[in-house]
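Data first, discussion second: the structure below is written as structure tokens.
The values are calculated or read from the model by the stated rules, or taken from the named source; none is laboratory data. Note that this is a predicted model, so its numbers are computed, not measured. Positions of Cβ are backbone-derived with ideal geometry, glycine not excepted, and every protein chain shown enters the neighbour counts. Keep in mind that these areas ignore ligands, DNA and RNA; they rest on the heavy atoms of the full protein, side chains included. Shrake-Rupley method; radii C 1.70, N 1.55, O 1.52, S 1.80 Å.
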Amino acid sequence: MTSANGKRQIPRIGVYVCHCGSNIAGTVDVEEVAKWAKERLGEQGVVVAKEYKFMCSSLGQELIAEDIRKERLDRVVVAACSPHLHEKTFRGAAARAGLNPYLCEMTSIREQVSWVHTDKILATEKAKALISGTVARVREHSPLESITVPINETTLVVGGGIAGIQAALEIANTGHPVYLVEREPSIGGHMAQFDKTFPTLDCAACILTPRMSEAGSHPGIHLLTWSEVEQVEGYVGNFTVSVRKKARYVNTELCTGCGICWQKCPKNVLDDKFEVGLGYRKAIYTPFEQAVPRFPVIDRETCTYFEKGTCKACEKFCPTGAIALEQQDELVSFQVGNIVLATGYDLFDARRVPQYGYGRLPNVFTSLEFERMCNAAGPTNGDIVLRDGKTVPKTVGIIHCVGSRDRNYNNYCSAICCMQSLKFAHLVKERTGAEVYNFYIDLRTTAKDYDEFYQRVLEEGTLFVRGRVAEIIDGAQLPGGDERMVIQVEDTLAGCQRHIPVDMVVLSAALEPRADAGEVAKQFGISCSSNGWFTERHPKLDPVATMTEGIFIAGCATGPRDIPNTVAQGSATAARVVSYIAQAELALEPIRASVAEATCSGCRICNGLCPFNAIVFHEDRMVTEIMTALCQGCGTCVAACPAGAITCTGFSNDQVIAQIEGMMAVAFQPEPV
Amino acid sequence: MSGEFEPLIIGFTCNWCSYRAADMAGTARFKYPPNIRLLRLMCSGRLDPTFVLKAFREGADGVLITGCHPGECHYIEQNYKALRRVLLLKRLLGSMGLNPERVKLVWASAAEGGRLAREISSFVEHVRALGPLGWPQRAMANGRYAAREEIEEVPA
Ligand SMILES: Cc1cc2nc3c(=O)[nH]c(=O)nc-3n(C[C@H](O)[C@H](O)[C@H](O)COP(=O)(O)OP(=O)(O)OC[C@H]3O[C@@H](n4cnc5c(N)ncnc54)[C@H](O)[C@@H]3O)c2cc1C
Ligand code: SF4
Ligand code: SF4
């Protein structure tokens, strides 16, 4: 560090070593480390070195603050847990004591030392080395001011399931505009497909449709259905988004949603999306009766006009002349300050478990098929019947955890299938009186009123068999068998093999990340966990934010969850977004690169390296400049500049080199005395 | 403690993936040898090859460079730039007479604490087998051709 008159000043550094109860102190000799730091790093400017039980506690923070004031510390090093947990805490404490927060650094002697090593002597030496490196590094620090960016008050919500609807409504209700982008012709998501919802058995449509129409008619919500985000640029506060509005071939200005077109359309198409292959729709259609918006779309792939050039029945009959067969995709672009991703889940493809016979045995159904079947507006008008469309089953087997909790498919628990299976058992009992078997591994009914629902289903007489079903056998193939299927399972409570004949099987399939979740994550600059769900900034303390400022996540896009939880997350993202908007501007980490113009040779080596287009070249002066607001601080250009003209706050060459020297100044094990 | 050679390794981690993988290794109590000291950069793209040489110059026997998996970089694609630099650096090390195997690039996502711990453990063993580099001592003894080590017999 250098003073105003260019003379090198000796810094006054305080080192604080945390015990973290016994988490650190159990493996690292914290007293020894503090003593060593005071004695051996004195030359480096360490004037205070202390250890304390819990540095992050208010007393611990006060200890640091007091030393900053009394000992006139101008640098602080906290050796404790990971900076990802408590950097903010300690920087805040430093700031309250009047020190520039960026002059306070942490080093992780818990995650990187005491929790991963066992030998106390070696762990202690490593802790010293890390502290020595951080002290050397912090000496090179200079005070930084955080950068502020203005927050555009408009928000983009991607995905119009219940999570996205909730987020959009909550934000729009505060008076800030929202774009809600949904790739299907209507909003609603999976919930629109259901009949009843556990545990209260409310009718899904009755609770969802009011929300959908509210979102559809809200003056603050700009609904873009049958649309997909094509490009995202920029950063928190100021993203530029372009959205492809796929051609509907319907002029939405003129369409009243009267439905004459789809009554008149002669082309029947198997609906493998909304009706999951159980029902039919027309080539011009809305996915369901209560669709929002009411406007239909023409499916180009199946429409006779697009195939053969003739038909135009819809055009002939439309009373308002709204059919627009010449329509093209349209690109719209707009600016938003924050983005909520609520893209939901895909259902596990049950064909991947061949021994369960889905797709081969006609009376094996998936959970979504069963939902559609139960739905009064569905393909069977709510009748629970076999694939022939008329026979009512006398025995039904419901199999839990299909594709979940199974190392061949997904290790995780899909969270909702136990309750969904219990709901199905109830519906079968209520509507057919059939005998119902539930095959489960464990019953997980942990949320409010869930276990009560389980008790109710038990009392209704549903039978429970604990064990993973080995196979569903085609009865016709068995000697003396009939058209019924036979479920083969090891009953792990009774300790025996069972062969249970059933008429119908329902597979409670896993919830999986969307097939394109990886691409969407990449598009928005966020990450996915190893299972493929969007990763939260912190799984416990920041569950709806992501590592990328201004991008929030809600609902099943973050992992399997039920509707109450999904809705809570939708509201949570809204609260986060509105809080950013209310702050009007946001302080960002000041870790940024900049070019010393006098040193830049104009070689342009750095020019192509920045993915955020932060690097611009001035032809007139033949020098490069970095746009601070666009720079994200990765430091790639810094490492590339042959002239050493680019530097990066927080991670300058001097800072990194000093840290290497400091770390290497401590031997692997203590010198023998 | 035995007189066995204990390598010292500097590990460069990316703030978003591998540093968090190290956090996760800690939280999950995955063990690895204490021979590695991790230094945080914002991105593997920040890795100036000079940092690696500096680590050797200060007495490191190996350098581990870690970053997000290809396609998962927090800064979109900067880990590819790191990859290019590391490949080039390894050739340079070879021509300087340093065993390029003393440098290793590993991808580890924030969820891969276990993988990071395993990679560290195996790299420590690998460098142990390569033996001490001792660049500072060589610099003292040999002057100009300081770093040259016998790399004919590279253990597998
Ligand atoms: C068979 C079954 C029964 C269930 N029953 C119940 C129940 O009774 N009670 C209960 O609490 N929970 C139940 N659940 C769980 C429930 O489905 C979820 O909690 C809820 O639907 C999640 O809502 P979501 O908005 O996160 O996702 P989704 O409903 O999947 O909505 C996501 C929306 O985003 C859209 N989208 C996706 N990608 C993009 C993109 N790139 N661009 C634009 N739009 C996109 C989709 O088209 C969709 O409209 C059940 C689940 C299943 C499988
Ligand atoms: S690499 Fe360095 S010298 Fe070359 S243009 Fe960029 S800043 Fe200027
Ligand atoms: S540090 Fe990274 S983000 Fe910033 S200008 Fe350089 S390459 Fe771009």
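Key figures for this structure:
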item	result
Interchain or long-range residues, amide H under 5 Å from A:Lys196's placed H	A:Ala204
Length-normalised contact order of chain A in % [C-alpha pairs under 8 Å, at least 6 apart]	14
Under Karplus coefficients 6.51, -1.76 and 1.60, residue-wise ³J(HN,Hα) of segment A:431-437 in Hz, glycine/proline x	8, 10, x, 5, 6, 10, 10
Sparse-neighbour loop sites [trypsin sites (Lys or Arg not before Pro); segment A:389-466; at most 16 other C-beta within 10 Å; DSSP]	A:Lys390, A:Lys394, A:Arg407, A:Lys448
Degrees, to the nearest 10: A:563-583 long Cα axis against longest axis of chain A	40
Qualifying trypsin sites (Lys or Arg not before Pro) for segment A:33-90 [loop in DSSP, other Cβ within 10 Å: at most 13]	A:Arg72
Within segment A:160-187: backbone nitrogen closer than 18 Å to the A:Glu330 label point (7 Å, Cα to C-beta)	A:178-187
Amide H contacts of A:Lys50 (H built 1.01 Å from N, under 5 Å, at least 5 apart or other chain)	A:Val15, A:Tyr16, A:Val17
Förster-model FRET efficiency, 41 Å R0, A:Asp542 and A:Arg69, C-beta, rounded to 0.05	0.85
Separation of the B:Glu125 and A:Asp516 label points, Cα + 7 Å toward Cβ, nm	4.4
28 Å Cα-Cα threshold exceeded, pairs from A:Lys196/A:Lys267; A:Lys88/A:Lys128; A:Lys50/A:Lys540; A:Lys246/A:Lys423	A:Lys196/A:Lys267; A:Lys50/A:Lys540; A:Lys246/A:Lys423
Length gained when the stretch A:Ser142-A:Arg604 is fully extended (0.36 nm per residue, less Cα-Cα span)	163.5 nm
Label-point gap, in nm, between A:Glu483 and A:Arg300 - each point 7 angstrom along Cα→Cβ	4.4
Cβ-Cβ FRET estimate between A:Ala587 and A:Glu214, R0 fixed at 30 Å, reported to 0.05	0.30
Antiparallel DSSP beta bridges within chain B, as percent of all bridges there, nearest 5	5
Point-to-point label distance, A:Asn268-A:Arg456, nm (Cα→Cβ direction, 7 Å offset)	3.8
Loop-located GluC sites (Glu not before Pro) in segment B:33-89 whose Cβ has at most 10 other Cβ within 10 Å (DSSP)	none
Label zone at A:Ala629, where the point sits 7 Å out along the Cα-to-Cβ direction: segment A:335-372 residues whose backbone N lies under 20 Å	A:335-339
Accessible-area ranking of A:Val595, A:Val17, largest first, probe 1.4 Å	A:Val595, A:Val17
Contact order normalised by residue count of segment B:9-131, Cα under 8 Å, 6+ apart, percent	39
Lys, Arg +1 and Asp, Glu -1 on Cβ, resulting dipole of chain B about Cα centre, debye, nearest 20	440
A:Glu430-A:Ile207 FRET efficiency (beta carbon distance; Förster radius 22 Å; 0.05 resolution)	0.70
Principal-axis tilt of helix A:204-217 within chain A, Cα atoms, nearest 10 degrees	60
Cut-off 13 Å (backbone N to label point 7 Å along Cα→Cβ of A:Ala643), residues of segment A:582-598	A:595-598
Potential lengthening between A:Gln523 and A:Ala575 on full extension [0.36 nm per residue; Cα-Cα distance subtracted]	16.3 nm
Gain in span if fully extended, A:Thr200 to A:His618, counting 0.36 nm per residue against the direct Cα distance	144.0 nm
Cα long-axis angle, helix A:30-40 against chain A (0 to 90 degrees, to the nearest 10)	40
Shape of the protein assembly as shown, Cα gyration tensor, a/c cut at 1.5	prolate
Above-threshold pairs, the threshold being 18 Å between Cα atoms, out of B:Lys31/B:Lys90; A:Lys120/B:Lys31; A:Lys38/A:Lys126; B:Lys81/B:Lys104; B:Lys54/B:Lys104	B:Lys31/B:Lys90
